[in-house]
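The values are calculated or read from the model by the stated rules, or taken from the named source; none is laboratory data. Owing to the predicted nature of the structure, the values given are computational and were not obtained by experimental measurement. No Cβ is skipped: glycine too gets one built from the backbone with ideal geometry, and neighbour counts run over all protein chains shown. These accessible areas exclude ligands, DNA and RNA; they are computed on the full protein's heavy atoms, side chains included. Shrake-Rupley method; radii C 1.70, N 1.55, O 1.52, S 1.80 Å.
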Amino acid sequence: MITAFASPSTYVQGDRLLQHAARYIAPFGNHGLLIADDIVWELVGGQFYQHLTADGLKIEHIHFNGESSPEEIARIQAIGEAKDAKFVIALGGGKTNDTTKAVGDQLHVPVVIVPTLASNDSPCTRLSVIYSPNGEFLKYQFYDKNPDLVLVDSTVIAGAPVRFLVDGIADALSTNVEAQTVARARATTLLPLQTDQTAAGLALAEKCESLLFKYTGQAVSAAADHVVTPALSHIIEANILLSGVGAESSGLAAAHSFQNGLTALSGDVHKLSHGQKVAFGTLLNLVLEGATDAEFQRYLDFEADLGLPTTLADLYLDEASDEDLMKVAKLAVQSGETIHNMGFPVSARDVFSAIKATDELSRQMQRQF
């Protein structure tokens, strides 16, 4: 058995970190690209740029068009080549991060991730989720290394709408559920090395879940008031570092395949975030592997208390036909999907049945209280 563990070279988290971020970035060179969309630039990008340039770095602001597509990656790569960028910085959310990682890989320069949200675990991983220009899932793209530096300003995270923190909690909640599935199946991890789990990777997934169940209530309250507390700091770390490293070094299973499968449909379901879709997927993962009622209830209650989707109606799919749900199921089990880490064969019919069963069980259990 060969095991492997991966993580960012350096992870730094703290209040008002953007004000002195240059000290962490300067070792990579004196000039680079700062990739951010217009909304992020208006909120924090301009100030961040001023801090970096005031501390002696030459920074080129690149507008991000919003989709981590091959076309957008190629566009920014060409700019980086023309500017002879020595590093690339992502300032924003998951798709900005994924695009920047791809650009850095193509340019062979250090990658710095500066998340403005704790809504997903993309900042720490050595992969990107690649979509078509119109938002359809295409593939996971893997790299030889994780980001060189992840800088998390807790004040910036606390300043965002609280719903984004909840999205990250939903995504992080799947980490240990899927990690334990992979452990039981003795399947390989998400790393592009065809390796098994380390005890360290599994421990981080378990610690991620432990922090979520201990501190989520306090953290959500703090984020709603836009203040940083120890509880919020714990959840930021769980959402970004522990979930990212834990998922990558422990593996994914059905929860994320379900989320990918939803791209087979159009409509209101795509008003929901990645984390919201994964929330239902976590419950589906439990159903597929035959979790006990008590275990299912534990995760259901946690998600319901946060207002996360636990039924098809919550996903705007209560009127979806069986034909549409089968489209989701078929896409979820396509070749290469992580649902094949369950430890037993999973067919589209199995996923279709689990979708229906998860919806019914969630509705029944919530009617009891």
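A few notes on this one:
- For the chain, the residue among Thr263, Thr216, His31 whose Cα projects farthest onto the positive side of the dipole built from Cβ charges is His31.
- What the chain shows is 40 Å² of accessible area per residue, with the surface traced by a 1.4 Å probe over protein heavy atoms.
- A cut-off of 5 Å between modelled amide H atoms, ignoring neighbours fewer than 5 places along the same chain, links Lys58 with His31, Gly32.
- Only Cα pairs under 8 Å and 6+ residues apart enter the sum, and on that basis the relative contact order of the chain stands at 16 percent.
- The range 262-369 - percent relative contact order, Cα under 8 Å, separation 6 or more: 33 percent
- For the range 127-240, a crude dipole built from +1 on the beta carbon of Lys and Arg and -1 on the beta carbon of Asp and Glu, taken about the Cα centre, is about 220 debye to the nearest 20.
- Amide H to amide H, with H built 1.01 Å from N, Leu190 comes under 5 Å of Ser250, Gly251, Leu252, counting only residues 5 or more places away or on other chains.
- Looking at the chain, the DSSP beta bridges with both ends there are about 20 percent antiparallel.
- Cut-off 18 Å (backbone N to label point 7 Å along Cα→Cβ of Ala294), residues of the range 183-222: none
- Gap separating the Cα centres of the range 201-251 and the range 293-369, nearest whole Å: 24 Å
- Most positive-pole-ward Cα, Pro147, Pro115, Ala160, against dipole of the range 109-187 from beta carbon charges: Pro147
- Shape of the range 218-369, Cα gyration tensor, a/c cut at 1.5: prolate
- Eligible lysines near Lys139 by straight Cα distance, threshold 24 Å, same-chain separation 8 or greater: Lys95, Lys101, Lys271, Lys277, Lys327, Lys330
- Electrostatic dipole magnitude of the chain [Cβ: Lys, Arg +1; Asp, Glu -1; Cα centre; debye, to 20]: 660 debye
- Carbon + sulfur, % of accessible area of the chain - ligands and nucleic acids excluded, 1.4 Å: 50 percent
- 18 Å reach of a label modelled at Leu138, 7 Å along Cα-to-Cβ, counting backbone N of the range 90-106: 94-106
- Exposed-loop-free span, longest in the chain, where trypsin sites (Lys or Arg not before Pro) count as exposed if DSSP calls them loop and at most 13 other C-beta atoms lie within 10 Å: 187-369
- Close amide H partners of Ala4, meaning residues 5 or more places away or on another chain with modelled amide H under 5 Å apart, are Asp196, Thr198.
- The range 31-94 shape via C-alpha gyration tensor axes, a/c threshold 1.5: oblate
- Rounded to whole Hz, the Karplus (6.51, -1.76, 1.60) HN-Hα couplings of the range 85-92, x for glycine and proline: 5, 8, 7, 10, 10, 9, 10, x
- Averaging the sequence gap over all C-alpha pairs within less than 8 Å and six or more residues apart, then dividing by the number of residues, gives the range 19-127 a relative contact order of 29 percent.
- Oblate is the label for the range 204-280. Its Cα gyration tensor axes, ordered a ≥ b ≥ c, give a/c of at least 1.5 and b/c at or above a/b.
- Scanning the chain for GluC sites (Glu not before Pro) lying in DSSP loops with no more than 15 further Cβ atoms inside 10 Å, the longest uninterrupted stretch between such sites is 137-318.
- Charge dipole magnitude, Cβ of K and R +1, D and E -1 - the range 252-341, Cα centre, debye nearest 20: 360 debye
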